[in-house]
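All remarks here apply to the structure that follows.
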Ligand SMILES: C[S@@+](CC[C@H](N)C(=O)[O-])C[C@H]1O[C@@H](n2cnc3c(N)ncnc32)[C@H](O)[C@@H]1O
């Protein structure tokens, strides 16, 4: 049927949907064509850049009929960068598309046609919100060190002056650090193809409520010439920087951080707040990237938890204990489980920092530690899940269904795996609320909090 469609062809196509991933979708002779930068309802002229058996990809050549919600993206590298996918859609419409995305995935993957999805809780600040950046480094034609992003579909690093979704502290740290690094021409940058060169990434983390910054220079080797001088100079230029660290990643990998982190100057953590709770965050610990919106996310978790002060709560995938500590005041006891030892250390430190003594944290995989806890006879009234994008392992769901806590609050950053997992709870748990929260404005990502309660049989 689509024998005629080939790479390089130019076709007119009507866009009908927005896929998980942010591309618009049109159908050409029954074949789905994915088109970044499009909006449902638009008629566009596209060039086919990839043709597979079941789908094709196109790039817009001309917009023949624009959607009403189309706006001009503020970022000069929108499209080339790939970090944001939705800057061309007015913010309130982004929220509608995200709600529809969650609803469609629950229906299509989870067969959960009855689940009502609330309107997406908007972010007060759709730009300048991110508290963490990881910039790859390269040298330009003049030999100057640049920080940037990988151009879509390539390994070319395109320089970036500033990123509109990053907090200004991060952009300022990047600029100042590059200026200083460029005073040392003997510093080399890493080339991933040749696996040679020293400086790999700048990782910058910022405390949005405290104005504190942690600067991490990721290197391929141990020897970092001028390290102390560079650290001393950046900290003098920017007193907000509380620590300069070197992380060593000698592997041939696209994982950014290596195992070993050394302090060059200052401290190895920064502080931030979610609501009234203070957090120390170190290099390897996960911390939600949108600090201000995290308070709203956790307020939904707290509300859905419905705690009276007596309950035993398990916070699975607890990171540095942020949800545990947020719920602690209203719970009897909270037990957090997390696999990254550094994050568990941070969790203990954070409990002490806030004078909270009814939380304990266990290092290990949820797949192993949760069944162990349940087998030991711990009877949770509530389990909070906040897994990474891949969602829950089947054995975790089976273990929970074995003991049936009264409530489950599932916080998900991937509605596709959420839908898959909720389907497995269907016999034993009723979905009471599905609340998406916009933690990542201008990108296709959406966070969802789901409240489930045990079905009495
Ligand atoms: C999405 S984060 C949530 C962290 C925390 N709840 C928060 O809001 O900041 C997921 C966390 O799960 C941890 N993790 C990933 N896979 C895990 C596993 N199999 N067992 C335990 N923890 C895991 C990650 O290190 C990360 O800290």
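Read-outs throughout are calculated quantities, based only on the coordinates presented, and are distinct from any laboratory measurement. As the structure is a prediction and not an experimental result, all values here were calculated from the model. So basically every Cβ, Gly included, is an ideal-geometry build from the backbone, and we count neighbours across all protein chains shown.
If you average the sequence gap of Cα pairs under 8 Å that are 6 or more apart and divide by the length of the range 85-188, what percent do you get for the contact order? Don't skip to the answer; put the middle values down first.
Details: 94 pairs, mean separation 19.9, N = 104.
Taking the mean separation of contacting Cα pairs over the length of the range 85-188, I get 19 percent.
Hey, fewest Cβ within 10 Å first, where do 312, 291, 448, 253 land in order? Working shown, then result.
Working: 312 16, 291 23, 448 29, 253 9.
Taking fewest neighbouring Cβ atoms as first place, the list is 253, 312, 291, 448.
Under 8 Å for C-alpha pairs, at least 6 residues apart: give me the relative contact order for the chain, rounded to a whole percent.
Working: 1026 pairs, mean separation 56.9, N = 457.
Averaging sequence separation for qualifying contacts and normalising by length gives 12 percent for the chain.
Given Cα pairs under 8 Å that are at least 6 residues apart, what percent is the relative contact order of the range 15-103? Could you put the intermediate results ahead of the total?
Working: 159 pairs, mean separation 20.7, N = 89.
For the range 15-103, the relative contact order is 23 percent.
Cβ-Cβ distance of residue 161 and residue 237, R₀ of 22 Å, FRET efficiency by 1/(1 + (r/R0)^6): the value works out to about 0.80. Annotation: the residues 6, 226, sorted from fewest to most other C-beta atoms within 10 Å of their own C-beta, follow the order 6, 226.
Per the Debye formula with a single identical scatterer at each Cα and no solvent contribution, what log10 I(q)/I(0) holds for the range 132-274 at q = 0.10 Å⁻¹? So the normalised log intensities work out to -0.30.
For a footprinting-style exposure proxy, rank 244, 403, 455 by other Cβ within 10 Å, fewest first.
On the way: 244 25, 403 16, 455 12.
By the 10 Å Cβ count, ascending: 455, 403, 244.
Reported to the nearest whole Å, the Cα centre-to-centre distance from the range 85-159 to the range 319-385 is 30.
Spin-label model, residue 228 to residue 378: label points 7 Å out along the Cα-to-beta-carbon direction sit 4.5 nm apart.
Over its Cα atoms, what ratio of radius of gyration to 2.2 N^0.38 Å does the chain give? Display every interim value, and only then the final one.
On the way: Rg = 23.5 Å, N = 457, 2.2 N^0.38 = 22.6 Å.
Compactness ratio reported: 1.04.
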